[in-house]
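Since the structure comes first, as structure tokens, the remarks are kept for the end.
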Amino acid sequence: MPTNALTAVDVTPAKINLIGLGQDALAEFFDGLGEKGFRAQQIMGWLYQRGVLNFRDMTDISLRLRRRLELIATLTLPKVIRVEESADGTRKWLLDIGAGQAVETVFIPEANRNTLCISSQAGCALDCAFCATGQQGFNRNLSAAEILGQVLVVKRALGPEVVLSNIVFMGMGEPLANYRHVVPVAKLLINDHAFGLSRRRVTISTAGLVPQLYRLAKDCNVALAVSLHAPSDTLRDVLVPINRRHPIGELLQACWQYAASRASRQITFEYVMLRDVNDSLRDARRLAGLLRKRPAKVNLIPFNSFPGTRYQCSTPESIENFCHELRSAGIVATIRRKRGDDIAAACGQLAGQVTDRTRVRLGAKTFRSVRL
Ligand code: SAH
């Protein structure tokens, strides 16, 4: 035997998961098979309108093509590890994304709408001071299949009677840091051949990645929520560290441009209420000064506690007073009701199972290297 003999390698190409592929990517896929572009619409109808997740049952596709698809493609959803239900009806899914990592998805039923809060990353690199996900560090971006898979897993579990009316990218991760996979999913959510939701009912929430905001305004102008949380750069630098790279002035400029790129679009500014940190009436007045006469509304989020945090939630009175101060300055402001607190499914409590890959050990100390 020659010593340099090639060792056998598996050359079977991996099957492509069609879940989450945007209309253009699907059309390209079918084009590569020598099929017409309308196949993309056809398959989106099966997957997202009829909820059929096997090629066999897609009866208006020729048997030959269905067999071919079975050989080269899959329709794979993330596996469910656990489902928890809160006393208030909120439900949380823990989903396996392989290699010991897991992400969470939260279903929030309300009288007039049903919202699904989806994750875009395993962990998060932004390290906001008051967020449980941030404390875990960052592992990786989710694929489009893993992001849209969350919607499909929940839809299947809820059955046809329950309509998901709103989807918010407010779970684990910073959606705009995973732009490449988040935008095709958002587009599918508003595509009439797929989920057909109105743009107002799909919300991307961001801590403020300014360059991506300008891109998003052009690529996929869905509803926008911005995690402001502080009325001054000095405080925001501490609470939302990405502010050191994109300070408030720059961020707000991008927001107004985003709002202007579609008529009558309001941006929601999220503001977590932290006791004695950002909740004074002076803070409220400064915040009002930033947003007055702009297409903006404020959503005050009572801080949700989690193990190890040094912050406390503002008192109900100071939240009321803060809200009142904003309103008397002419700002539309609401207070977010706590949901799913008993199953750690409330804003900023999502932890999943994440092994931080960004912490580099140097001697006894651990540093986090944040790359965006
Ligand atoms: N990365 C995105 C999505 C994060 S989660 C963003 O920053 O917008 C959605 C909202 O929950 C954000 O406004 C986030 O700042 C807020 N949040 C994070 N931790 C929280 C906590 N412990 N209590 C209340 N809100 C929190």
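The values are calculated or read from the model by the stated rules, or taken from the named source; none is laboratory data. Values in this document were obtained by computation on a predicted structure and should not be read as measured data. Because the Cβ atoms are built from the backbone with ideal geometry, glycine has one as well, and the counts that use them run over all protein chains shown.
One residue stands out in the stretch 131-141 among those that are surrounded by fewer than 22 Cβ atoms within 10 Å (Cβ to Cβ) and closer than 14 Å to Pro241 by Cβ: the one that is farthest from the ligand (Cβ to nearest atom), namely Gly137.
Every residue in the stretch 260-296 that is within 14 Å of the ligand (Cβ to nearest atom) and surrounded by 15 or more Cβ atoms within 10 Å (Cβ to Cβ), please. Explain how you work it out, then say what you get.
Step one: list which residues in the stretch 260-296 are within 14 Å of the ligand (Cβ to nearest atom), which gives 267-275, 277-279.
Within the stretch 260-296, Ile267, Thr268, Phe269, Glu270, Tyr271, Val272, Met273, Leu274, Val277, Asn278, Asp279 meet the criteria.
When Met44 is tested against (1) exposed (fewer than 15 other Cβ atoms within 10 Å of the Cβ); (2) under 22 Å from the mean Cα position of the chain (by Cα); (3) not in a loop (DSSP other than H, G, I, E, B), only condition (1) is not met. Among the candidates Leu251, Leu274, Leu350, Leu291, the residue that is modelled with pLDDT under 95 and within 25 Å of the chain's Cα centre (by Cα) is uniquely Leu350.
All conditions but one from (1) closer than 23 Å to Lys79 by Cβ; (2) without any contact (Cβ under 8 Å) to a residue 12 or more places away in the chain; (3) within 16 Å of the ligand (Cβ to nearest atom) apply to Ser120; the one that does not is (2). Taken as a whole, the stretch 321-333 holds at least one residue that is aromatic (Phe, Trp, Tyr) and over 25 Å from the mean Cα position of the chain (by Cα). Hey, could you check the stretch 103-129 for residues that are buried (at least 24 other Cβ atoms within 10 Å of the Cβ) and of a type in the set (Gly, Ala, Ser) and say which is nearest to Gln312 (Cα to Cα)? Once the filter is applied, the top-ranked residue is Gly123.
Could you grab me the full set of residues in the stretch 219-242 that are under 19 Å from the mean Cα position of the chain (by Cα) and of a type in the set (Lys, Arg)? Result: no residue meets the conditions.
Taking Leu116, is it of a type in the set (A, V, I, L, M, F, W, C), farther than 24 Å from Ile242 by Cβ, in the same structural domain as Gly22 (by TED's automatic domain parsing) and at pLDDT 95 or above? So Leu116 fails the test. Among the polar types (S, T, N, Q) and in contact with a strand residue (DSSP E or B) (Cβ under 7 Å, 6 or more places away or on another chain), is that true of Thr59? Spelling it out, it is not the case that Thr59 is among the polar types (S, T, N, Q) and in contact with a strand residue (DSSP E or B) (Cβ under 7 Å, 6 or more places away or on another chain).
Looking for something farther than 22 Å from Gly51 by Cα, touching a residue at least 12 places away in the same chain (Cβ under 8 Å) and either under 15 Å from the mean Cα position of the chain (by Cα) or within 16 Å of the ligand (Cβ to nearest atom) (or both) - is there at least one such residue anywhere in the stretch 146-169? Outline the logic, then answer.
Within the stretch 146-169, the subset farther than 22 Å from Gly51 by Cα is none.
Scanning the stretch 146-169 turns up no residue that is farther than 22 Å from Gly51 by Cα, touching a residue at least 12 places away in the same chain (Cβ under 8 Å) and either under 15 Å from the mean Cα position of the chain (by Cα) or within 16 Å of the ligand (Cβ to nearest atom) (or both).
I'd like to check something: does the stretch 362-370 contain any residue that is among the hydroxyl-bearing types (Ser, Thr, Tyr), surrounded by 13 or more Cβ atoms within 10 Å (Cβ to Cβ) and either more than 20 Å from the chain's Cα centre (by Cα) or at pLDDT below 95 (or both)? Taking every residue of the stretch 362-370 in turn, none turns out to be among the hydroxyl-bearing types (Ser, Thr, Tyr), surrounded by 13 or more Cβ atoms within 10 Å (Cβ to Cβ) and either more than 20 Å from the chain's Cα centre (by Cα) or at pLDDT below 95 (or both). Kindly establish whether Arg215 is buried (at least 18 other Cβ atoms within 10 Å of the Cβ), of a type in the set (Lys, Arg) and either in the same structural domain as Gly37 (by TED's automatic domain parsing) or more than 13 Å from the ligand (Cβ to nearest atom) (or both). In short, no. Has the stretch 218-232 got at least one residue that is more than 30 Å from Asp279 (Cβ to Cβ) and assigned to a helix (DSSP H, G or I)? Looking for residues that are more than 30 Å from Asp279 (Cβ to Cβ) and assigned to a helix (DSSP H, G or I), one finds at least one in the stretch 218-232, hence yes. When the stretch 142-153 is examined, which residues are found to be surrounded by fewer than 24 Cβ atoms within 10 Å (Cβ to Cβ) and closer than 13 Å to Val80 by Cβ? Leu152, Val153, listed by residue number. Inspect all residues belonging to the stretch 299-313 and state whether any of them is modelled with pLDDT under 95, crowded, with 18+ Cβ neighbours inside 10 Å and within 28 Å of the chain's Cα centre (by Cα). For the stretch 299-313, residues modelled with pLDDT under 95, crowded, with 18+ Cβ neighbours inside 10 Å and within 28 Å of the chain's Cα centre (by Cα): present. So is Val210 at pLDDT 95 or above, over 18 Å from Leu300 (Cβ atoms) and more than 21 Å from the chain's Cα centre (by Cα) or not? Considered against the rule, which asks whether it is at pLDDT 95 or above, over 18 Å from Leu300 (Cβ atoms) and more than 21 Å from the chain's Cα centre (by Cα), Val210 comes out as no. Which one of the conditions (1) more than 17 Å from the chain's Cα centre (by Cα); (2) within 13 Å of the ligand (Cβ to nearest atom) does Gly89 fail to meet, given that it meets all the rest? All conditions are met except number (2). Here the stretch 47-63 is the region considered, the condition is being touching a residue at least 40 places away in the same chain (Cβ under 8 Å) and surrounded by 13 or more Cβ atoms within 10 Å (Cβ to Cβ), and the residue that is farthest from the chain's Cα centre (by Cα) is Leu53. Taken across the stretch 18-28, residues that are within 15 Å of Gly149 (Cβ to Cβ), β-branched (Val, Ile, Thr) and modelled with pLDDT of 95 or more do occur, with at least one present.
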